[in-house]
1. Please give the number of the condition residue 232 fails out of (1) more than 12 Å from residue 260 (Cα to Cα); (2) touching a residue at least 40 places away in the same chain (Cβ under 8 Å).
2. State which residue is surrounded by the fewest Cβ atoms within 10 Å (Cβ to Cβ) when the search covers only the stretch 178-193 and only residues that are in contact (Cβ under 8 Å) with a residue 12 or more places away in the chain and more than 22 Å from residue 161 (Cα to Cα).
3. Just to be sure, is residue 109 surrounded by fewer than 12 Cβ atoms within 10 Å (Cβ to Cβ) and either aliphatic (A, V, I, L, M) or under 21 Å from residue 41 (Cβ atoms) (or both)?
4. If I go through the stretch 224-241 residue by residue, how many of them are part of a helix (DSSP H, G or I) and either closer than 16 Å to residue 213 by Cβ or in contact with a helix residue (DSSP H, G or I) (Cβ under 8 Å, 6 or more places away or on another chain) (or both)?
5. Of the residues 119, 179, 113, which single one is hydrophobic (A, V, I, L, M, F, W, C) and within 26 Å of residue 268 (Cβ to Cβ)?
6. Name the residue that is farthest from residue 241 (Cα to Cα), counting only residues in the stretch 194-229 that are surrounded by 18 or more Cβ atoms within 10 Å (Cβ to Cβ), free of Cβ contacts under 8 Å to residues at least 60 places away in the same chain and of a type in the set (A, V, I, L, M).
7. If you go through the stretch 132-140 one residue at a time, do you hit one that is closer than 18 Å to residue 34 by Cβ and crowded, with 17+ Cβ neighbours inside 10 Å?
8. For the stretch 32-88, which residues satisfy the criterion of being of a type in the set (Ser, Thr, Tyr) and either surrounded by fewer than 18 Cβ atoms within 10 Å (Cβ to Cβ) or on the phi > 0 side of the Ramachandran plot (or both)?
Amino acid sequence: MVPLDYVVLRLIRHTLPATIIHQLLRARFFIQPGLETRHPQAAANRYLKAVQKHDKTLKDKRILVLGYGGYLGLGVSLLRMGAKHVTLLDPYARSYARENLHLAKESIPYISIDGKRVIPNPEYLTLHHKPIYEVGSVESERVDFVLSSSVYEHLIHPLEITKQLVRWTRDDGSHVHFIDLRDHFFRYPFEMLCYSEATWRKFLNPSSHLNRFRIWDYELVFQQCFENVALTIAEHNYHAYAKNAHRIRKEYMSGDDSRDAATKISVFASLSKNST
């Protein structure tokens, strides 16, 4: 049976303008901001742990964060960990002006304050608020690591974006991406997989977009761009999957419950054969 509350709220979410979404995020009402905004130090620690599993370090490295959300806390946390430079890229970011101002007061030399303006020190921190393919030349900004959390599931063209990110990555560089496979109406983690593409796009897809990619889709994307790809399932929800398996469309099922019931994955991908 189709859950009525899901359909009603998805229809509303489908039509909400970006300005209202941002206000809801700031108020943390109904829509919660990502870990980078809520707990930037925890987000930085998670990235550090992920690279350490592959015998790497963030110290003295140049880092690009895709989709930082508008709060500078993650960039500052990575710099305090010893990163050489952090680039924050997000074409949809709305500045958390008050929070960034408060952060700047305790983040010298990474950020300075001019009146009520927060000014990142370009020696340490660079902001880009354009789509990655509009930024221009990246040769002088190529990075050792590209990081993201709960961004990939929102990309309309993941392969094209990944190819652009590879342009930013040094020849021995690596990527760490945490990807949430759930419907972001989290009470129904597999509900979005029960609708045709036409119905999803026309009526139910939220304005933030969910691409409904599954594990095998992401494997294909990263394997086309990197020499080495390690994809790890971080969480399952077997109960919710079993409850809805009879409704989930066949194109979103592989026949392997351990993959089909996955709700979160992490990807470590490297350009060099010797980087994992």
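1. If we test residue 232 against (1) more than 12 Å from residue 260 (Cα to Cα); (2) touching a residue at least 40 places away in the same chain (Cβ under 8 Å), just (2) comes out false.
2. Applying the first criterion (in contact (Cβ under 8 Å) with a residue 12 or more places away in the chain) to the stretch 178-193 yields 178-185, 187-193.
Filter once more, so that each one left must be more than 22 Å from residue 161 (Cα to Cα): 185, 187-193.
Values: 185: 18, 187: 12, 188: 19, 189: 22, 190: 22, 191: 21, 192: 23, 193: 22.
Ranking the qualifying residues of the stretch 178-193, first place goes to 187.
3. Details: surrounded by fewer than 12 Cβ atoms within 10 Å (Cβ to Cβ): yes; either aliphatic (A, V, I, L, M) or under 21 Å from residue 41 (Cβ atoms) (or both): yes.
Criteria met by residue 109.
4. Taking the stretch 224-241 as the starting set, the residues that turn out to be part of a helix (DSSP H, G or I) are 238-241.
Right, trim to either closer than 16 Å to residue 213 by Cβ or in contact with a helix residue (DSSP H, G or I) (Cβ under 8 Å, 6 or more places away or on another chain) (or both) and you get 238, 241.
Within the stretch 224-241, residues that are part of a helix (DSSP H, G or I) and either closer than 16 Å to residue 213 by Cβ or in contact with a helix residue (DSSP H, G or I) (Cβ under 8 Å, 6 or more places away or on another chain) (or both) number 2.
5. Values: 119 fails: within 26 Å of residue 268 (Cβ to Cβ); 113 fails: within 26 Å of residue 268 (Cβ to Cβ).
Result of the check over 119, 179, 113: 179.
6. 229
7. So the first thing to find is which residues in the stretch 132-140 are closer than 18 Å to residue 34 by Cβ, and the list is none.
There is no residue in the stretch 132-140 that is closer than 18 Å to residue 34 by Cβ and crowded, with 17+ Cβ neighbours inside 10 Å.
8. Our first condition is that a residue be of a type in the set (Ser, Thr, Tyr); within the stretch 32-88, this holds for 37, 47, 57, 68, 71, 77, 87.
Listed by number, the list holds a single entry, 57.
Quick note: the coordinates plus some simple rules give every number you see, no bench work behind them. Quick caveat, the model's predicted, so the values are computed rather than measured. Note: ideal-geometry Cβ built from the backbone for every residue, glycine included; neighbour counts use all protein chains shown.
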